[in-house]
Every structure is written in structure tokens, then in C-alpha cells.
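The values are calculated or read from the model by the stated rules, or taken from the named source; none is laboratory data. Note that this is a predicted model, so its numbers are computed, not measured. Don't worry about glycine lacking a Cβ; one is built from the backbone with ideal geometry, like all the others, and counts go over all protein chains shown. Note: areas computed on protein heavy atoms with side chains; ligands, DNA, RNA excluded. Shrake-Rupley method; radii C 1.70, N 1.55, O 1.52, S 1.80 Å.
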Amino acid sequence: MNYTFASDNTAGICPEAFAALAEANAGCAPSYGDDPWTARATALLREIFETQCDVFFVFNGTAANALALAAICQRHHGILCHAMSHVDTDECGAPEFFTGGAKVIPLDAPAAKLRVSDLEPVLHRGHGVHYPKLRALSLTQSTELGTVYAIDELRALAGFAHARGWSVHVDGARFANALASLKCSAADLTWRAGIDVLCLGGTKNGLNTTEAVVFFHRELAREFDYRVKQSGQLASKTRFAAAQWTGALREGAWLRHAAHANACARRLADGLRSLPGLRLLFEPEVNGVFVEMPPAVYGALTARGWHFYKFIGDHGYRLMTSWATTDADVDAFIADARAVAR
């Protein structure tokens with residue numbers, strides 16, 4: 001079975017991170033983050049984001065999102081998010097668990113993106129203490145449908161949130177892909193646009209078992225190290241998590257890999273768009289291609305060994321590219337799709 005397009009999680013560790021792991025494996029080093037690799041990775045992230053942010057490393061995106069939201073919310077608070085966001089659909093209630101009961105409130109909106117007009121009606125739900133007090137707006141960048149929030153869109157949403165005393169959290173599992181797509185600075189796409197905390201994805205960009213929680217509103221990070229420890233997310237050998245970040249960040253590999261994955265998605269979309277019976281559901285902005293295809297075509301492609309997921313409705317499928325996807329992989333899939341889409 002060929003898992004190339006099943007998910008960007010199926011790719012291995014990128015060479016820069018793998019080499020950095022080998023470097024960190026030479027000899028002994030202090031534990032629990034008191035090592036030079038953790039200091040270096042933190043410094044690199046502060047340089048990239050052009051601010052003195054607070055940085056914490058955890059093992060996975062579920063922990064990153066749940067702990068970040070727990071730093072913002074108490075148990076009587078409400079968290080607004082899109083109905084397709086991982087915070088609502090893929091975290092097994094972790095945000096509610098780690099906040100002690102804050103309510104995740106999913107909102108539907110086109111293309112997996114929220115707008116200010118989607119938030120305004122929620123202000124009129126419930127009355128007083130009978131409804132959760134809204135405290136956080138959680139956005140996904142890039143979204144679960146491969147769409148991207150532009151800087152102006154983020155500013156509008158963050159401005160609306162901050163005017164009401166809410167904090168803005170971003171699930172950035174594919175933040176690198178969004179940044180590569182928009183070709184702007186990391187600072188402009190985060191704290192300058194009003195983002196308070198970013199869960200920066202490493203796994204989907206070629207790292208292994210390491211995500212970075214980046215607080216731009218540093219008061220929210222108060223005692224966050226205790227949250228990381230209490231939740232079982234503090235690695236004794238933190239250097240192996242941090243070293244991967246240094247390898248990916250120090251010469252820009254993280255953005256090169258994201259741009260490559262995005263380019264592979266565009267190549268794949270261009271090859272599929274003219275095939276009979278297939279229809280692109282969205283123009284790819286990052287590394288996801290969403291295509292509608294007849295069940296017979298899907299069945300024929302899986303029979304040829306390709307594995308990818310149904311994602312939207314009855315016949316909408318998702319194809320993800322990664323740092324490891326090659327032009328040959330893309331062309332082979334297109335050739336098989338052309339052969340069976342008749």
C-alpha cells in the first residue's frame with residue numbers, strides 16, 4: 001500500500017532534523033531543557049518571530065492545543081472554533097479535560113475559515129451566568145480544508161476578540177505551509193496580527209514527536225512549565241526534541257520543505273483538474289488537494305495500491321503532500337488516475 005498522499009504524517013523525519021538528532025546524541029547533556037539545543041531552538045524561534053516569545057516543547061499537537069487553551073481558559077469559559085477544527089473534532093475532548101470543563105463551541109462557516117460575521121451571533125447566545133463566558137478564539141492556520149487566513153483576516157478576527165477580552169489561539173500544525181504560501185514574515189502572520197499563542201507544528205513538517213507552543217502574550221505563559229510537566233509532556237531528554245527544531249530552522253529548511261509540499265500539491269491539482277469525472281473542491285493554497293471523484297475511480301486507485309482518505313461528504317477525498325513527496329510520486333498518481341477516470 002502506498003501512503004504517500006494519505007497524510008503529511010506518514011512521511012519520515014526530514015534529513016536536517018535527522019542530522020541534528022545525531023549531533024545531539026553525541027555524549028551527555030543536561031536534562032529537562034537545560035541543554036544548549038533547547039536554548040538554541042528557543043533563540044531561533046525568537047529570531048524568526050522577531051520578538052521575545054516564550055517557547056515550550058511538547059510531544060504532539062493535541063497536547064499543544066489543549067495546554068495552550070488551558071493557559072487561557074478556566075472551567076466556566078467558552079472556546080470558539082470552526083466546526084472542522086481539530087480542537088473540536090480530533091482531540092478526544094482534551095481541551096475540555098485540561099481546562100477543567102471549558103466548553104468548545106464549534107461554528108460552521110465556508111472553506112473552514114471563520115469571519116467576524118460568524119462570531120457576532122454567538123454574542124447573543126444564552127444569558128449571563130447561564131452560558132459559558134467566552135474567553136478564547138481558536139483558529140487553524142492553514143485550515144483543515146487547505147485554506148489560509150490572510151493577515152487582514154487575522155487582524156479583523158483578533159481585533160474583534162481582543163475588544164471583548166478574549167485571547168486568540170492558533171492551531172498551527174501546518175503553519176509553515178501557510179507561511180510559505182503567503183510569503184510574509186512569521187511575525188506579520190502571528191503577533192503583529194493579534195495572535196496570542198501559536199501551536200507551531202513540527203510533525204507535519206518533517207520532525208518527530210515535537211511541537212512548539214509559542215506564547216506572544218507572555219503573561220499567558222505564566223507557570224506553563226508546570227502544566228507541561230503535570231500533563232506528562234516534559235521530556236527528560238528535551239535536547240532530542242529541540243535539536244530537530246534547530247536542524248529545521250537554522251538554515252530555513254522548515255520553509256523550504258513547506259514550499260516544496262505546497263508546490264507538489266499544485267502539481268497534483270493541475271494534473272487532476274482536467275480528468276473526466278473529477279472535480280477540485282478547492283484551489284490548493286497549501287499542501288492539500290481536495291477532489292471529488294466517483295466511487296469507481298476511488299476503488300480503482302486503491303486497487304492499484306494508493307491510500308488516501310474520504311474527507312468531505314460522500315465523494316470528496318483529501319490528498320496530502322509532504323516534504324518527502326516527489327514529482328515522480330505525483331506523476332505516478334496522475335497517470336493512474338488518468339487510466340481509471342474514463
Pairs, first under 15 Å from residue 197 (Cβ atoms) and aliphatic (A, V, I, L, M) in region 221-235, second part of a loop (DSSP other than H, G, I, E, B) and open to solvent by less than 20 Å² (accessible area, probe 1.4 Å), C-beta under 9 Å, six or more apart: 221/53
Look through 160, 216 and report the one residue that is touching a helix residue (DSSP H, G or I) at 6+ places or on another chain (Cβ under 7 Å), under 24 Å from residue 39 (Cα atoms) and of a type in the set (Phe, Trp, Tyr). 216
Among residues of region 175-191 being closer than 15 Å to residue 259 by Cβ and part of a helix (DSSP H, G or I), the residue most open to solvent (accessible area, probe 1.4 Å) is 182
Restricting attention to region 249-260, does a residue exist that is in contact with a Phe, Trp or Tyr (Cβ under 7 Å, 6 or more places away or on another chain), buried (at least 19 other Cβ atoms within 10 Å of the Cβ) and over 23 Å from residue 328 (Cα atoms)? no
So is residue 159 modelled with pLDDT of 95 or more and surrounded by 22 or more Cβ atoms within 10 Å (Cβ to Cβ) or not? no
Could you check region 211-239 and list, in sequence order, the residues that are outside any loop (DSSP other than H, G, I, E, B), more than 20 Å from the chain's Cα centre (by Cα) and of a type in the set (Asp, Glu)? 219, 225
Residue under question is residue 198, and the condition is that it be part of a strand (DSSP E or B) and either open to solvent by less than 10 Å² (accessible area, probe 1.4 Å) or among the polar types (S, T, N, Q) (or both); does it hold? yes
I want to confirm something. Restricting to region 39-89 and keeping residues that are among the polar types (S, T, N, Q) and touching a residue at least 60 places away in the same chain (Cβ under 8 Å), which single residue is surrounded by the fewest Cβ atoms within 10 Å (Cβ to Cβ)? 52
